[in-house]
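Engineer: Got a structure for you, written out below as C-alpha cells; questions coming shortly.
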Amino acid sequence: MFDETVKKNQGPVKLSDLSFMDLYLRIDQPGQARYRTPVRDHTNNWTRPVPPEYMEEVEKVASLLRGQIENPDTSFEYGGQRFRLSYQRLANSEDWVCLRYINTKVPRLEDLSFAPHICTHLRRLGTRDGLIVISGATGQGKTTTAFGLLNDFMVAFGGVGITVEDPVEYALGGAVGEYGYCYQVQVNKDEDWASPLKRALRWTPRFLLVGEVRSPRAAEQILRASTTGHLVITTIHAGSIEESLMGLVHLAEQAMGASTANFLLAQGLTGAMHQTLNTSGPFLRYIVTEEGNNGDPIRALIRENRVGMINSYIDKQIARMNTIQSNNTLSKPPKKAY
C-alpha cells in the first residue's frame, strides 16, 4: 500500500510513508498512537507504537479531528488520502479514533487476485437479478469485492447503479464504462437505512449496492428489492456462508416474520460468498443458485429453514467448477512454436 521504508535525509517524514492498515489515535489530548500493519500473516493482529519520526504529523491529524467529529462512523481525508473513520469514547473517558486507509482506485474483478475461472463465473452473475451476499470477518476485503463486482457489472452491462453506504468509501459516482452511471448515497447518522434504500428503488436501478446490512427494516428492503428485478449486492459480518444467510433471515424476520423472510431469501438469492484474505490473496467459498429454478436445492433448504445443511452443496459446486476449469485447460490445443 505504502512504501514501508523511510530513508533518512529525504526531507520531512509523511504519514503516507508509514505502511498501515489501521491507525489508532487518541484525540482528546496528545497520546501515543499505534498502528496495525497490512501484512496478512501470523503477525497481522499485532499493533505497534507509531515511530517517533511520524508523531508530529500524527498529532496534526489528531488536532484536526479534536472536537470536530459529528458522526462516529464516517470518512476522513488527509494529505490526498481517504480513510474510514470510527470514533469511540472509552470507559476511562479517553476519546480515540481508528483510521483505515481507503484505496481510491475502484478495482475490477481481475484486480482482486481471483483465479481467472472464478472471475468469469462471478461476471456472469451480472446478467441476473436477485441478491449477492458477501460475508467475512472485519478487514477481509468484503467491501473491495463488492465494489469490484459492481464496477465490473456496470462496465460490462451498463445501466443505473446506486450505492447506499455509511460512509461512502470507493468513489464510483458518475459515468462507469460506456453505458453505466452510478449514484452514491451517504446515509445520515440518524437515518434508518431502510429509508434511503426505499427511495433508491424509485430510481429504477439495475444494480444496487448496500454497504452493510444493519437493521431489520433494511434487511426487509434488501430482500424485497432482490425479488423485483434488481441485482442487489450487500455485505455482512459472518464466519461462513451459512451464518451470513441465517443472520440476514434473523434480521429480516423481525420486520416481516420468519416464513416471509425465508421465502423471499429463497426466491431472491443469486449467490453467496465468504471471503478470507491471506498472503497469496483472497480465499473464496461460494454458492450460486440456478436461475429460474424454484426447485433449486439451495432455495429449498432456505425455504425449509435448513440453511445449515447448505455446506455440502457448497463443496460440490466448488469441486464441479474446478473440474470444469481443469477440463477446459486440458482441452486447449498446445501453442505452436515458431
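The values are calculated or read from the model by the stated rules, or taken from the named source; none is laboratory data. Here the structure is a predicted model, which means the values were calculated and not measured. Note: ideal-geometry Cβ built from the backbone for every residue, glycine included; neighbour counts use all protein chains shown. Accessible surface areas use protein heavy atoms only, side chains included; no ligands, DNA or RNA. Shrake-Rupley method; radii C 1.70, N 1.55, O 1.52, S 1.80 Å.
Engineer: Considering only segment 181-236, how many residues are of a type in the set (S, T, N, Q), assigned to a helix (DSSP H, G or I) and surrounded by fewer than 24 Cβ atoms within 10 Å (Cβ to Cβ)? Give the steps one after another, and end with the answer.
Structural biologist: First, the residues of segment 181-236 that are of a type in the set (S, T, N, Q): 184, 186, 188, 195, 204, 215, 221, 226-228, 234-235.
Next, from what is left, pick out any that are assigned to a helix (DSSP H, G or I): 195, 221, 226.
Those still in the list that are surrounded by fewer than 24 Cβ atoms within 10 Å (Cβ to Cβ) too: 195.
Summing the residues that are of a type in the set (S, T, N, Q), assigned to a helix (DSSP H, G or I) and surrounded by fewer than 24 Cβ atoms within 10 Å (Cβ to Cβ) in segment 181-236 gives 1.
Engineer: Show me the strands (runs of 3 or more DSSP E) found entirely inside segment 92-173 where at least 1 residues are surrounded by fewer than 23 Cβ atoms within 10 Å (Cβ to Cβ) and among the basic types (K, R).
Structural biologist: Details: elements: 95-102, 130-136, 159-165.
Result: 95-102.
Engineer: Pick from segment 237-248 the residues that are open to solvent by 10 Å² or more (accessible area, probe 1.4 Å) and not charged (D, E, K, R): which of them is nearest to T144 (Cα to Cα)? Steps first, please.
Structural biologist: Residues of segment 237-248 that are open to solvent by 10 Å² or more (accessible area, probe 1.4 Å), as a first pass: 237-240, 242-243, 246-247.
Next, only the ones that are not charged (D, E, K, R) stay: 237-240, 246-247.
Working: H237: 14, A238: 16, G239: 18, S240: 18, M246: 23, G247: 21 Å.
The residue in question is H237.
Engineer: Still on this structure, please answer the following. Closer than 19 Å to E94 by Cβ, of a type in the set (S, T, Y) and not in a loop (DSSP other than H, G, I, E, B), is that true of S75? Spell out how you get there, then give the answer.
Structural biologist: Values: closer than 19 Å to E94 by Cβ: no; of a type in the set (S, T, Y): yes; not in a loop (DSSP other than H, G, I, E, B): yes.
Answer is no for this residue.
Engineer: Considering only segment 241-298, state which residues are in a helix (DSSP H, G or I), of a type in the set (G, A, S) and in contact with a Gly (Cβ under 9 Å, 6 or more places away or on another chain). Spell out the reasoning first.
Structural biologist: Of the residues in segment 241-298, the ones in a helix (DSSP H, G or I) are 241-256, 258-268, 297-298.
Keeping just the survivors that are of a type in the set (G, A, S) gives 244, 247, 252, 255, 258-259, 261, 266, 268.
The answer is S244, G268.
Engineer: Residues Q10, Q32: which one is at pLDDT 85 or above, of a type outside the set (D, E, K, R) and in a loop (DSSP other than H, G, I, E, B)? First the steps, then the outcome.
Structural biologist: Details: Q10 fails: at pLDDT 85 or above.
The match here is Q32.
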